[in-house]
Amino acid sequence: MQHVLVTGGMGFIGSHTVVCLMEAGFEPVIFDNLCNSDTKVLEGIARIAGRSPIFIQGDVTDSAQLDSVFEAYPIRSAIHFAALKAVGESVSQPLRYYRNNIGGLLELLAAMQRHSVQNIVFSSSATVYGEAEKMPVTEDTPLPPALSPYGSTKQMGERILQDDPYFQTVCLRYFNPIGAHPSGLIGELPLGIPNNLAPYVTQAAAGLREALTVFGDDYPTPDGTAVRDYLHVMDLAEAHVAALRFLDEATERSAFEVFNLGTGRAVSVKELLHAFERVNGIPVPHRIGARRQGDVTELWANPSLAEQRLGWKAERSLDDMLRDAWNWQLRLVNQ
Ligand code: NAD
Ligand code: UD1
C-alpha cells in the first residue's frame, strides 16, 4: 500500500479525501495540528472506512515534526491541504497567513526533499482567478493580482512549486466545495459564524442563525445575485485519488500541472437557496443585504482539462450536495 502524507487531513476536504484514499487502497498518514478541526473526525472516518487512519498531531511549520513523520513511514507522495482559509481574517492578520500557508509549504517541501519525496498534490483555489473577464475560466486564464493575503498565499504556493521542477506537482484549483459524506458521519465543521454560503444556509435552516443575508442582489447576473461553481466534496475528494494516480502513471506530463476542479455549472445564490428549500422541504429565513467587499460577480470553471488528463469529472448534482449538507447539519444538531 502506498503511504500518502495528508497534511490538513482532519479538515473538511482532507477528511473526505482520506476516506476515498482508504477505499482506493492507499494508506493515508494524516498530519494536522487541529487548529481548525477535531479528533472526533477520526471516529467518523473509521466508521465509514472500517478502520482508523494513521493520525499524527503536528504542525507543517515545524521541520523536526515533519522529519519524524517521514522517518516513521515510507511516504511516496504528499497531499498538502493544511492552510488557513478565512479570507477576511487574512486581511486583518496577513503575517499569520503567510507564515502558516507559505512557511508551512516551504517546510514541507524541504522535508520532502530531505527524504527524497517528489510527488505533491497542492490545494489551490479558484480565488486565484479574481474577477476574470471571460467565463468559464480555463487554466490558462491570466492570474490578476490577488484580492487578499489568502489569495496571494495560493498564487505564491503555485509559483513556488512551478519554480522547482524537483517536485512533481499536481496543483488543483478548487471552485466551491460543499456537501458532506452521504453517511452524515463527516462534513464541514465551521467554527463560529460561517463565512461561506452553504454552512450559513444549513445553520439558518436549523434555526442556529436568525437569517441568511444574501450579499447583494444588484449584480449584473440573471437574478441579480452572485454566481459560483459549487461541487460536491466527495467529487472533489475523488479528484485527489485521480491526481495521485496521474503522478504515478502518466507517461506524458510536466513537472507542474494545474487543473480546475468544478462542475462547469453556474449557480446563483438565490438558485442555491431555493434548491435547498425544495430538496429538503424546509424554508431558509433570509434577507437581502449589501454586497460583501472583495466578492466577484461570477466565477465558474471550464473543467474539461481535468476530464481529459485526470479522467475525473464531477458526477453529483446540486440537489445531492444540498441534501448531504442538510443531513450532516442534522447530525451536528442532534449530537
Ligand atoms: P479546513 O480548515 O477544514 O482544513 C484544513 C486543515 O488544516 C485543518 O484540519 C487544520 O487544522 C489544518 N492546518 C492548518 N494549518 C496547519 C498547520 N500549520 N499544520 C498542520 N495542520 C494545519 O479547510 P478545507 O476547507 O478542508 O481546505 C483545505 C485546503 O483547500 C486549504 O488549503 C484551503 O485553502 C483549500 N481550499 C478550500 C476551499 C473551500 O471552499 N473549503 C476552496 C479552495 C481551496
Ligand atoms: C470564498 C472566498 C474564496 C475561497 C472560497 C472557498 C471570499 C471573498 N472569497 O469564496 O477566497 O476560496 O470562499 O473557501 O471570502 N454569500 C451570501 N451570504 C453569506 C455567505 C455567502 O450571500 O452569508 C454569497 C457570496 O456573496 C458569494 C456566494 O454566496 O456570492 C458564495 O460565497 P462563499 O461560500 O463565501 O464562497 P466565495 O465567495 O466563492
Toy charge model, Lys and Arg Cβ at +1, Asp and Glu Cβ at -1: the chain dipole around Cα centroid in debye, rounded to 20, equals 480 debye
How much FRET efficiency would the formula 1/(1 + (r/R0)^6) give for D163 and E23, where r is the Cβ-Cβ distance and R0 is 30 Å, rounded to 0.05? 0.30
In terms of modelled amide H atoms, which long-range or inter-chain residues lie less than 5 Å from the amide H of V121? A78, I79, H80, V170
Just read off the accessible area of E158 with the full protein assembly in place, 1.4 Å probe, to the nearest 10 Å². 10 Å²
Solvent exposure of region 194-335 as accessible area per residue, Å², 1.4 Å probe: 45 Å²
Using θ = phi - 60° and Karplus 6.51 cos²θ - 1.76 cosθ + 1.60, couplings along region 48-53 (whole Hz; Gly, Pro as x): 6, 8, x, 7, 7, x
Whose amide H sits under 5 Å from the amide H of V258, counting only residues 5 or more places off or on another chain, with H placed in the peptide plane? C171
Which whole-number percent is the relative contact order of region 245-311 (Cα, under 8 Å, 6+ apart)? 55 percent
Quick one: P(r) of region 115-196 from all Cα-Cα pairs, 5 Å bins, percents rounded to integers, in order of increasing distance. 3, 12, 18, 19, 17, 14, 12, 5, 1
Given the chain reduced to its alpha-carbon atoms as identical point scatterers, what log10 I(q)/I(0) does the Debye formula return at q = 0.08, 0.09, 0.15 Å⁻¹? -0.35, -0.45, -1.34
Quick one: helix 63-72 against the long Cα principal axis of the chain, what's the angle to the nearest 10°, folded into 0 to 90? 70 degrees
Using modelled backbone amide H atoms (1.01 Å from N, in-plane), which distant-in-sequence or interchain residues come within less than 5 Å of G264's amide H? A301
Counting only protein heavy atoms and a 1.4 Å probe, tell me what percentage of the chain's accessible area is made up of carbon and sulfur. 49 percent
Based on DSSP, what percent of beta bridges with both residues in the chain are antiparallel, to the nearest 5? 5 percent
Mean Cα-pair separation over length for the chain, i.e. relative contact order, pairs under 8 Å, 6 or more apart, %: 19 percent
Only helices counted: for the chain, with every DSSP H run of 4 or more residues adding -39500 (n - 2.57) and the sum spread over all residues, [θ] at 222 nm is -11500 deg cm²/dmol
How many nm separate the modelled label positions at R99 and I193, each set 7 Å beyond the Cα in the direction of the Cβ? 2.6 nm
In percent, what relative contact order does region 93-206 have, based on Cα pairs under 8 Å that are 6 or more apart in sequence? 29 percent
Karplus couplings for region 313-319 from phi (6.51 cos²θ - 1.76 cosθ + 1.60, θ = phi - 60°), rounded to Hz, Gly and Pro as x? 8, 5, 10, 8, 8, 4, 4
Exposure rank, largest accessible area first [R316, R114; 1.4 Å]: R114, R316
Around S123, what is the net charge, scoring Lys/Arg as +1 and Asp/Glu as -1 over all other residues with Cβ under 13 Å from its Cβ? +2
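The values are calculated or read from the model by the stated rules, or taken from the named source; none is laboratory data. Here the structure is a predicted model, which means the values were calculated and not measured. Cβ atoms come from the backbone with ideal geometry, glycine included; neighbour counts cover every protein chain shown. Protein only, heavy atoms only, side chains kept; ligands, DNA and RNA dropped before computing areas. Shrake-Rupley method; radii C 1.70, N 1.55, O 1.52, S 1.80 Å.
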